[in-house]
Amino acid sequence: MDFSSAAAIGAIPLPGADFGPLTALQVAMMIKLAKLYNKPITKDRAKEMIIATVVGSVGRTIFRQVVKLIPGAGSVAAGSVAATMTISLGYAVKYAYERDIDLDANSLQPLYNMFLKEEQEKEKKKKK
């Protein structure tokens, strides 16, 4: 998966304009992972889990939209947040499938949060 696509979508300078395309990208990623691990999933179920996960991360989602109001730098920051969230989602799904964890919104949220924290720590170390 090319996470630069998530960053590019997240960098769209209009608040809210990235929800549809970013969700579509994340759904496609989840379906590819499901096929790779031979786990059944529908587009609707993947979308439901993503929306539940994003709602659980409402602070980051709101930040990604509000920061777009800052020309230039806001789009860069929003793109970075979108990429980090997408990477974390991918790692969470992969982790669940590799450990045969029944994937639903309740099991995905804590895994997503775990990988999101790891990705944020990596970003902090890069900035030092």
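The values are calculated or read from the model by the stated rules, or taken from the named source; none is laboratory data. None of these values were measured; they are calculated from a predicted model. When we count neighbours, we look across all protein chains shown, and the Cβ atoms used for this are built from the backbone with ideal geometry, even at glycine. Accessible surface areas use protein heavy atoms only, side chains included; no ligands, DNA or RNA. Shrake-Rupley method; radii C 1.70, N 1.55, O 1.52, S 1.80 Å.
Brief remarks on what is shown
- Over 30 Å between alpha carbons, listed pairs Lys39/Lys126; Lys32/Lys117; Lys47/Lys122: Lys39/Lys126
- Solvent-accessible surface of protein heavy atoms, probed at 1.4 angstrom with all chains present, puts Leu108, Leu36 in the order Leu36, Leu108, largest first.
- Rounded to whole Hz, the Karplus (6.51, -1.76, 1.60) HN-Hα couplings of the range 24-34, x for glycine and proline: 4, 4, 5, 4, 4, 4, 5, 5, 4, 5, 4
- A cut-off under 14 angstrom between Cβ atoms defines the neighbours of Ala105, and their net charge, with Lys, Arg +1 and Asp, Glu -1, is -2.
- Spin-label model distance (nm) - Glu123 vs Lys47, 7 Å beyond Cα toward Cβ: 2.7 nm
- Cα lying deepest toward the dipole's positive end in the range 1-57, options Val27, Phe3, Ala17, charges on Cβ: Val27
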